[in-house]
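These notes concern the structure reproduced below.
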Amino acid sequence: MSGTQYWQGQAVELRTGFVGADGELVVATGVSFRVRKPDATLVTVGATEDPARPREWIGIVVADQVGGWTVKAACAGPQPAVEQLDFIVKASLPG
């Protein structure tokens, strides 16, 4: 998701999966997204397992501020892990 761009007001799908030592996605627990908006506001976004893609987790955040956003996806188990994602929000076009 790094370098990805969205328009202000757009719903942004956050997606992650956690990889084990064997390189395969693991069954993670306690998954959440911690979002840092451009004004440094922190928001926690709940994560749900994608029924169409087991072991992948999704959450939705509305891109309500222009600028750089940082998302940290974390899981509690089977071993604690964190993944960072970044994206840019551009001002919406008028009209």
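The values are calculated or read from the model by the stated rules, or taken from the named source; none is laboratory data. Just so it is clear, the structure is predicted and the values come from calculations on it, not from any experiment. No Cβ is skipped: glycine too gets one built from the backbone with ideal geometry, and neighbour counts run over all protein chains shown.
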For region 1-72, which strands (runs of 3 or more DSSP E) that fit wholly inside it have 2 or more residues that are in contact (Cβ under 8 Å) with a residue 60 or more places away in the chain? 4-7, 11-17
Scan region 4-22 for residues that are within 13 Å of the chain's Cα centre (by Cα) and not acidic (Asp, Glu) and jot them down. THR4, ALA11, VAL12, LEU14, ARG15, THR16, GLY17, PHE18
Is there a residue in region 55-68 that is small (Gly, Ala, Ser), at pLDDT below 95, buried (at least 16 other Cβ atoms within 10 Å of the Cβ) and touching a strand residue (DSSP E or B) at 6+ places or on another chain (Cβ under 6 Å)? no
